[in-house]
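The values are calculated or read from the model by the stated rules, or taken from the named source; none is laboratory data. Owing to the predicted nature of the structure, the values given are computational and were not obtained by experimental measurement. A quick note on method: Cβ atoms are made from the backbone with ideal geometry, for glycine too, and the neighbour counts reach across all protein chains shown.
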Amino acid sequence: MRHAIRCLFVLSLALFARAQTLPSYLISYRLAMSRPASHLFEVTIDISIPAVDTSAFVDLQMPRWQPGRYSVADFAKNVQQFSAQSQNQPLEWDKVDDQTWRVQRRGQRIITATYKVFGDDLSGTYAQLDAGHGNYTGGEIFMYVAGHKQDSVELHVEPPPNWRVSNGRTERFDQHDWKYPNYELMIDNPTEIGPDWTVDDFKLGEKTYHVVVHSRGDEGGRRPAFVRDIEKIVRAETRMWGTPEFDSYTFLFHFAADNRSGDGMEHLNSTQIIQSGILADRGSYYSALRTAAHEFFHVWNVKRLRPVEFGPWDWTKPAATRALWIAEGFTQYYGVEMYHRAGFDDSSEFLRDLADTIATIENSPASKLMSAEASSMAAPFIDRASYHDRTNLENSSLSYYLKGELIALNLDLLIRGWTTGQRSLDDVMRRAYDELYLKSPNASYYLKGRGYTVEDFKRIVSQVAGMDMTGWFEKYVRGVETLPYDESLAFLGLRLVKTAPSEPYTAGIRIDREDRQALRLGTLRPGSPAENGGLQQGDILVSIGGTTVSRDNWRNVLNRYKEGDRIPVTVRRFGQILQLTLQLGPPEIYEYRIEEMPTAPPEARKLRAQWLEGN
Ligand SMILES: [Zn+2]
Ligand SMILES: [Zn+2]
């Protein structure tokens, strides 16, 4: 055993030495878009290879996904018309797998590769080029040179006439050229290219903030107020974290004037937020602010204080980290917190918001099946992944955003309680950022400091809480025990109230959302009256207790009955009518609210006030 370990150690040292001495390539990218309506971006990559490098070929790779969206996107599927040449002579190339183009060098030291990428999806993950604008993040457009992601790169963007370029590293708005320390930082820049986006700036201390807006609908004159509200979010978050590290930061908004868009994506010095509706609409306005409160928190949590797997990135296989309940879940909690601290909702709306998240998690059949860590590991399947098969994820999977938000809520309140208001989760976040990002030696070329493991995080929570949190993490992070809401809320003189809704029974039935006409059953809750009664997904529900039902009235008809009743139901399955029986059990769905305890002692009221005031 010892010998084997030593051999491995020597081997890994040798590999490390090789990686360190790989001669750097000069890599420059050119991006053009001469025919926007074709949705085709035109990419040219010039690679200059030093004489000492005698490798026979160069591999160019499209990432399979990109940071922030963990489902596999397979950007290579949008690549077409690849070619390679040197000094105007074509070079042989071949695909060696679904994401890799291998170019034979034939001794050449200057290689140029060109290709086009189709993009017509304004999503923050894929790219879009159309007559109105070009929009991309980077990984969906640019191939990297395998083995040379760490080399510095240059980028030249050639927009159509009268279109301007803005990205997270823009210094002047007529800028067309950028340099980045490595490929990974180049593709961390949401970029907007178009004729009619606007930019409003504000300064806070030494830092400049750009608010770039591309509205596809009416703004109703609300942009100045919107920019002032963004500033309130920045003030609330920098009050907690201190001065951010960047010189400038860009909020890039799209108001998509539709009813289906929706995305927020964090980047090192910027965020891209795509909002349905229009800026003039109150709902869209505040929804965009909520997303901004979440995304700006990522400046610290995720983009700098990061899980160990988050950079340098391996884009040849899906992400595998146990820490998304921290990276996304804690950010979700603080997004809600910061929206409140910035003054956009009052205390009762804030508590309502948290109680709604509790309801979502506690009503989910997966809350006893999937832990926060397991949810994180399932991210490639649940972070906006699409399927052609039917899955049981509605019953078996849980959001690491929402479960993480509730873990954060509980930890925040418990730490406040245990330390009688001396410390909070804010201290955990600041201490982790300081130790792991600011003060740890650089673990790689990618970024300052090192990434954390869940163990690191547990240690820091334990230090701040003043007690060993190992058992707590076992129960609530690795395990699926119900979070200790009663204990944590009681410290602040609050309690969680669980009540049956006015129509408490569903019999475990969910309606198929795809079928807009028939009352077709979707995924049924496991162990529910519907499943026990022999109903199955795909059945069309015809009547309950002899009353014909529709999509509008079935809940109402079902709720004429009570627990223990046996109800005859009629369903149509593959054209045949079946008579089945439902026996109602206890309600499947509960409502939750957080309310103040009238008898709370003064110390608890004081802790509550501190928390609600964001201190
Ligand atoms: Zn745009
Ligand atoms: Zn996020």
So which residues in the range 201-217 are touching a strand residue (DSSP E or B) at 6+ places or on another chain (Cβ under 9 Å), of a type outside the set (S, T, N, Q) and away from ligand 1 (no atom under 16 Å from the Cβ)? 201, 202, 203, 207, 209
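Residues checked against (1) surrounded by fewer than 22 Cβ atoms within 10 Å (Cβ to Cβ); (2) within 16 Å of ligand 2 (Cβ to nearest atom); (3) closer than 28 Å to residue 448 by Cα; (4) not assigned by TED's automatic domain parsing to the domain that holds residue 453:
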{"position": "280", "(1), (2), (3), (4)": "yes, no, no, yes"}
{"position": "334", "(1), (2), (3), (4)": "no, yes, yes, no"}
{"position": "348", "(1), (2), (3), (4)": "yes, no, no, no"}
{"position": "355", "(1), (2), (3), (4)": "yes, no, no, no"}
{"position": "365", "(1), (2), (3), (4)": "yes, no, no, no"}
What single numbered condition from (1) without any contact (Cβ under 8 Å) to a residue 60 or more places away in the chain; (2) within 16 Å of ligand 2 (Cβ to nearest atom); (3) of a type in the set (S, T, N, Q) fails to hold for residue 88? (2)
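Condition first: under 21 Å from the mean Cα position of the chain (by Cα) and assigned to a strand (DSSP E or B). Now tell me which residues in the range 121-139 satisfy that.
Answer for the range 121-139, where residues must be under 21 Å from the mean Cα position of the chain (by Cα) and assigned to a strand (DSSP E or B): 128, 135, 136, 137, 138.
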Can you tell me which of (1) within 16 Å of ligand 2 (Cβ to nearest atom); (2) surrounded by 22 or more Cβ atoms within 10 Å (Cβ to Cβ); (3) hydrophobic (A, V, I, L, M, F, W, C) is the one residue 310 doesn't meet? (2)
Residue check for residue 441: surrounded by fewer than 17 Cβ atoms within 10 Å (Cβ to Cβ) and touching a Gly at 6+ places or on another chain (Cβ under 9 Å): yes
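For the range 343-394, which fully contained helices (runs of 4 or more DSSP H) count at least 2 residues that are out of contact with any helix residue (DSSP H, G or I) (no Cβ under 8 Å at 6 or more places or on another chain), at pLDDT 95 or above and farther than 27 Å from residue 289 by Cα?
Working: elements: 347-362, 372-377, 379-382.
Per the criteria, 372-377.
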How many of the residues making up the range 53-81 are aromatic (Phe, Trp, Tyr) and over 17 Å from the mean Cα position of the chain (by Cα)? 2
Which one is farthest from residue 73 (Cα to Cα), of the residues in the range 368-395 that are of a type in the set (Gly, Ala, Ser) and surrounded by 17 or more Cβ atoms within 10 Å (Cβ to Cβ)? 371
Take residue 436 and tell me if it is more than 24 Å from the chain's Cα centre (by Cα) and either assigned by TED's automatic domain parsing to the domain that holds residue 181 or among the aliphatic types (A, V, I, L, M) (or both). no
If you go through the range 75-108 one residue at a time, how many are assigned to a loop (DSSP other than H, G, I, E, B) and surrounded by 14 or more Cβ atoms within 10 Å (Cβ to Cβ)? 4
Quick check on this structure: which one of 139, 134 is modelled with pLDDT of 95 or more and away from ligand 1 (no atom under 16 Å from the Cβ)? 139
Could you tell me whether any residue of the range 312-320 is β-branched (Val, Ile, Thr), farther than 28 Å from residue 355 by Cβ and either within 16 Å of ligand 1 (Cβ to nearest atom) or outside the structural domain of residue 375 (by TED's automatic domain parsing) (or both)? no
Hey, can you tell me all the residues within the range 474-484 that are surrounded by fewer than 21 Cβ atoms within 10 Å (Cβ to Cβ) and either touching a Cys at 6+ places or on another chain (Cβ under 8 Å) or in a helix (DSSP H, G or I) (or both)? 474, 475, 478
For residue 182, state whether it is more than 19 Å from residue 295 (Cα to Cα) and in contact with an Asp or Glu (Cβ under 8 Å, 6 or more places away or on another chain). yes
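Considering each of 184, 158, 140, 192 in turn, give the residue that is in contact (Cβ under 8 Å) with a residue 60 or more places away in the chain and surrounded by fewer than 16 Cβ atoms within 10 Å (Cβ to Cβ). Can you show your working first?
On the way: 184 fails: surrounded by fewer than 16 Cβ atoms within 10 Å (Cβ to Cβ); 140 fails: surrounded by fewer than 16 Cβ atoms within 10 Å (Cβ to Cβ); 192 fails: surrounded by fewer than 16 Cβ atoms within 10 Å (Cβ to Cβ).
Testing whether each residue is in contact (Cβ under 8 Å) with a residue 60 or more places away in the chain and surrounded by fewer than 16 Cβ atoms within 10 Å (Cβ to Cβ) leaves just 158.
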